[in-house]
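See structure below.
The values are calculated or read from the model by the stated rules, or taken from the named source; none is laboratory data. These numbers come from a predicted model, not from an experiment. Virtual Cβ from ideal backbone geometry, glycine too; neighbours counted across all protein chains shown.
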Number of protein chains: 2
Amino acid sequence: MPSRFPLPPGSMIGVIGGGQLGRMLALAAGRLGFDVTILEPEPDSPASRVAAHTLVARYEDPEALQALAACDVITFEFENVPAAVVERLETLGALAAPGRLPLATAQDRVSEKEFFREQGIATADFAAIAGAADIASALPRLGQRALLKTRREGYDGKGQTWVEGIADAQAAFARIGGKPAILEAAVPFVREMSVIAARGRSGEIACYPLGENRHEAGVLRTTLAPARVSDATREQAIAIATRTLEALDYVGVMGVELFELEGGDLLVNEFAPRVHNSGHWTQDGCEVDQFEQHIRAVAGWPLGKTNALAEVEMTNLLGAEADDWRTLAADPSARVWLYGKREARAGRKMGHVNRLRPLEG
Amino acid sequence: MPSRFPLPPGSMIGVIGGGQLGRMLALAAGRLGFDVTILEPEPDSPASRVAAHTLVARYEDPEALQALAACDVITFEFENVPAAVVERLETLGALAAPGRLPLATAQDRVSEKEFFREQGIATADFAAIAGAADIASALPRLGQRALLKTRREGYDGKGQTWVEGIADAQAAFARIGGKPAILEAAVPFVREMSVIAARGRSGEIACYPLGENRHEAGVLRTTLAPARVSDATREQAIAIATRTLEALDYVGVMGVELFELEGGDLLVNEFAPRVHNSGHWTQDGCEVDQFEQHIRAVAGWPLGKTNALAEVEMTNLLGAEADDWRTLAADPSARVWLYGKREARAGRKMGHVNRLRPLEG
C-alpha cells in the first residue's frame, strides 16, 4: 500500500479542540492549501470560525468520531484528549499524530517524570502520592517546601499548590479530594525556558531557538526569544528534546519546559504534546512558525527552517487586557494576534502580541 | 452617532468573492480576531473554507445581499462587482470599502484613463472606440501598433489583443463583437512595476516598496521586491498612488500598475481597487502584509508598517505547476502559499511561492 504521506494540498486535517491553538493551526493549514475539520463541544469556538468544517460534539461522541475519522490525519490542540478517543479513532482506521504514547505519557505527571528519568533526562525530585502516608514519607526527602499537583488534567498552574511541611501538604491533598497526585521538590532555578521542537514523519528533527519564559500565577506572561544562553545550555536543550521526541516516536511539534540552574544546566519540567504558548514568538520571528511546522509534520511534509529572523518578545493578553486592542492596533511595534473569544473572563488567554527587535550580531 | 470604527475584534467583515484573494483576506482577518462572511456563487470556494460563514449565491441575489448587509463592513476581492450590488448594499445601510467611485472608475478602462489624466497622472495615449470609424481616426495618432481592450470586464490579459494597422484593428474589434473598447498606444517601457498602497479611514496613506513585475501571456509570472529604482522613480510612484487614493476617497489596499520608461519616468497602466497579485511578496517580506493592511484599513484600524524586511521573489504557480508541491514543500528557500483550488486548469492561479534573500545594505 503506498503511503498516504506526504498529504497533497486539499487534504483534510482533523483537529481535536477548538481554542486558539486550533485556530492558529487552521490558519497555518489554510496557507498550505489544506482544509481543517474541528471537533469541539462548544459552539462558535475560535477555531471553528476559520475552519472548513466543525463537529460540535463531545470528544467521545461516537458519530462525531466516525465523521472525524474520515480526515486524512488527525491532531490535537490540547493534551487531555481521553485515551479512549484516540483508540476509537485508530479502530476506525484513522491516523492520529502525535499518537497515543505521547498523549498517555503527558497526561499523567508521574508517568511523564518516570519517562524522563528512564531517558536519563534530569527532572526535579518527585514522589507519587496516593494517600496521606505517602506525603509523610516523601516530604522529608524532597525538602520541606514542595509543589503538590494532581497527576492528571492540570494546566496553566491549575490543580497545583505550594506546600510547606507535612501537615500543610496533607491538608492541601485533602483539598484536592485525595486525588492521585505528585509532590515535586522545589527547584532552585535561575530561569524558566522552553524549546519548541518538531519531528517529521521521516524522523527528522528541528528545534527552534530557546525561549525564556516568565510566568505569573502559573500562567505564561512573556517569552523572550532567542534566549541568551551558552552553547552548552542550548546543546543540552536540543539533546533533551531530541531524546524525548525519538523515545516517543513523536510526529508533530512539542513544547518542552525547562528550568535553567545556576551554571547553565537544565532540568526538564514537563512537555506538551502540541504547539505551545511559548512558541508563539515564531509567528513573527521565523519564516516557518510552530503552527505551520506542526501541520507540515503531521501531513508528512519536510520540516521548515527554525532559525530566528528577529528577537521577539511575546506577551500574552489576559482577560480584560485584550480590551486595550485600540492601543495595540495603533502600536507599530506590536504584531497583534487576537483569538476571537467572545468573553474576556479574568485571566483568560484572549490574544498575544509579538514585539520584534533586530537580532544581535 | 458614534462611529462604528475602529471595528472591535469579533466584528464581521463581508467579502464579495471567494477566490484566493478572499481566502488570504480571511486568513489575515482571522489573525486579528475578526470573522468573515464570503459571498460567492460557486460552492466549495477557496475562501469559504477559511471563513466563518459563506453565502453561496449570485452577487445580485437579494436575499444574500440582505444577509451580507448585516456585516460590520463589506469589501471585495475583485473589481468587477456590479455597481447595482454596491448600491443595493448601501440602500440596506451597509458600508462598502472601497466604495462605488473607485469600483466604477476601475471597471471602465476609458473612465480609468480619463480619471488619471484629470489627476495629471501620465498614461499611454488612448482612444475610446465605439465603432469601426473611431479606429480609423484614432490609430494614426496612436501609432500603427496598439492594444485593443474591451472597456469592461477584462483581467489577466483577457479581452485584449495587439493590433497593427487599421484593417487588423477593425477585424479584432469585430471579433470582440463590436463591444465598447479602448485603443492604447504601445508604451516603450523598460520595466513593468507596481506599487501596493493603502489608505486608512482617517486618510493616512502607506505605500510598500515598489515591485518589478514580469508577465507572460498577460498573466503575472514573478514580482521582485523591493525593486531597485532611483529615489526619483520611487517618489513618482508614491505621488501617483497618493493622488489616486485621495481623489477616489479610497479606503483599503490598491494595486497600481506602472510602466517605467527609459530614464526612470513612470506612466500608470491601471489600478486594481483591491489587494493585488503583485503584492503577495509582502506576506513573507513585511511585518504587515497587504491582506492585513487591507483588513486594517476597512476596519478603521491604523495602517501597519510597510518596510521590507527581506528581498523577495514571488513566483505564481499556474495550472499544473502546483502539482509540483512535493518539490516546493521540500525547498527551504520556498515559502509556499496554496489556494486550495480543486482543479488545476491550464493557466489558473493555484498558488505562489515567495523566496527570500537578505536585503542589500
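For A:Asp44, work out the one condition from (1) surrounded by fewer than 22 Cβ atoms within 10 Å (Cβ to Cβ); (2) under 16 Å from the mean Cα position of the chain (by Cα) it doesn't fulfil.
The single condition A:Asp44 does not satisfy is (2).
For every residue, the table says whether it meets (1) closer than 26 Å to A:Glu343 by Cβ; (2) within 13 Å of chain A (Cβ to nearest Cβ); (3) free of Cβ contacts under 8 Å to residues at least 60 places away in the same chain; (4) touching a helix residue (DSSP H, G or I) at 6+ places or on another chain (Cβ under 9 Å).
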position: B:Pro9; (1), (2), (3), (4): yes, yes, yes, yes
position: B:Ala52; (1), (2), (3), (4): yes, yes, yes, yes
position: B:Ala67; (1), (2), (3), (4): yes, no, yes, no
position: B:Ile74; (1), (2), (3), (4): no, no, no, yes
position: B:Glu77; (1), (2), (3), (4): no, no, no, yes
position: B:Val86; (1), (2), (3), (4): no, no, yes, yes
position: B:Leu95; (1), (2), (3), (4): no, no, no, yes
position: B:Arg100; (1), (2), (3), (4): no, no, yes, yes
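Does A:Thr222 satisfy the condition of being closer than 19 Å to A:Gln119 by Cβ, buried (at least 19 other Cβ atoms within 10 Å of the Cβ), modelled with pLDDT of 95 or more and over 14 Å from the mean Cα position of the chain (by Cα)? Full working, then the answer.
Working: closer than 19 Å to A:Gln119 by Cβ: no; buried (at least 19 other Cβ atoms within 10 Å of the Cβ): yes; modelled with pLDDT of 95 or more: yes; over 14 Å from the mean Cα position of the chain (by Cα): yes.
So A:Thr222 fails the test.
Hey, among the residues in region B:54-65 that are over 17 Å from A:Ala52 (Cα atoms), aliphatic (A, V, I, L, M) and in contact with a helix residue (DSSP H, G or I) (Cβ under 6 Å, 6 or more places away or on another chain), which one's nearest to the other protein chains (Cβ to nearest Cβ)?
B:Ala57
Considering only residues that are in contact (Cβ under 8 Å) with a residue 12 or more places away in the chain and either in a helix (DSSP H, G or I) or more than 11 Å from B:Glu184 (Cα to Cα) (or both), which ones fall in region B:119-133?
Initial filter on region B:119-133 (in contact (Cβ under 8 Å) with a residue 12 or more places away in the chain): B:119-132.
Listed by number, the residues that qualify are B:Gln119, B:Gly120, B:Ile121, B:Ala122, B:Ala130, B:Gly131, B:Ala132.
Among the candidates B:Glu321, B:Glu343, B:Glu270, B:Glu311, single out the residue that is under 28 Å from B:Lys149 (Cβ atoms) and more than 13 Å from every other protein chain (Cβ to nearest Cβ).
B:Glu270
More than 17 Å from the chain's Cα centre (by Cα) and surrounded by fewer than 19 Cβ atoms within 10 Å (Cβ to Cβ): does that describe A:Glu118?
So A:Glu118 fits the description; yes.
Restricting to region B:89-131, give me the number of residues that are in contact with a Ser or Thr (Cβ under 8 Å, 6 or more places away or on another chain), of a type in the set (A, V, I, L, M, F, W, C) and within 25 Å of B:Ile295 (Cβ to Cβ).
Final tally of qualifying residues: 3.
Could you run through region B:34-46 and say how many residues are without any contact (Cβ under 8 Å) to a residue 40 or more places away in the chain and within 10 Å of chain A (Cβ to nearest Cβ)?
Within region B:34-46, residues that are without any contact (Cβ under 8 Å) to a residue 40 or more places away in the chain and within 10 Å of chain A (Cβ to nearest Cβ) number 2.
Taking region B:11-21, which residues are within 12 Å of chain A (Cβ to nearest Cβ) and more than 27 Å from A:Asp324 (Cβ to Cβ)?
Residue satisfying the conditions is B:Gln20 alone.
Please go through region B:273-308 and give me each residue that is touching a Gly at 6+ places or on another chain (Cβ under 7 Å) and either within 14 Å of another protein chain (Cβ to nearest Cβ) or of a type in the set (Ser, Thr, Tyr) (or both), ordered by number.
If the condition is that a residue be touching a Gly at 6+ places or on another chain (Cβ under 7 Å) and either within 14 Å of another protein chain (Cβ to nearest Cβ) or of a type in the set (Ser, Thr, Tyr) (or both), then B:Ser278, B:Trp281, B:Glu287, B:Val288, B:Glu292, B:Gln293, B:Arg296, B:Ala297, B:Val298, B:Pro302, B:Leu303, B:Ala308 are the ones that fit.
Out of the residues in region A:206-221 that are free of Cβ contacts under 8 Å to residues at least 60 places away in the same chain and charged (D, E, K, R), state the one that is nearest to A:Leu147 (Cα to Cα).
A:Glu216
Considering (1) over 30 Å from A:Val288 (Cα atoms); (2) in a loop (DSSP other than H, G, I, E, B), say which one A:Pro209 fails and leave the rest.
(1)
For A:Val187, which of the numbered conditions (1) closer than 22 Å to A:Phe259 by Cα; (2) in contact with a helix residue (DSSP H, G or I) (Cβ under 9 Å, 6 or more places away or on another chain) fails to hold?
The one condition A:Val187 does not meet is (2).
For the structure I just gave you, tell me whether A:Thr161 is among the β-branched types (Val, Ile, Thr), modelled with pLDDT under 95, out of contact with any His (no Cβ under 8 Å at 6 or more places or on another chain) and not assigned by TED's automatic domain parsing to the domain that holds A:Val298. Show your work before the answer.
Numbers: among the β-branched types (Val, Ile, Thr): yes; modelled with pLDDT under 95: yes; out of contact with any His (no Cβ under 8 Å at 6 or more places or on another chain): yes; not assigned by TED's automatic domain parsing to the domain that holds A:Val298: yes.
Judged against the criteria, A:Thr161 is a match.
Would you check if there is a residue in region A:141-151 being within 30 Å of A:Glu77 (Cα to Cα), among the basic types (Lys, Arg) and touching a residue at least 60 places away in the same chain (Cβ under 8 Å)?
no
Residue by residue, here is whether (1) touching a residue at least 60 places away in the same chain (Cβ under 8 Å); (2) outside any helix (DSSP H, G or I); (3) out of contact with any Leu (no Cβ under 9 Å at 6 or more places or on another chain) holds:
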{"residue": "B:Ala198", "(1), (2), (3)": "yes, yes, no"}
{"residue": "B:Arg201", "(1), (2), (3)": "yes, yes, yes"}
{"residue": "B:Thr223", "(1), (2), (3)": "yes, yes, yes"}
{"residue": "B:Ala227", "(1), (2), (3)": "no, yes, no"}
{"residue": "B:Ala241", "(1), (2), (3)": "no, no, yes"}
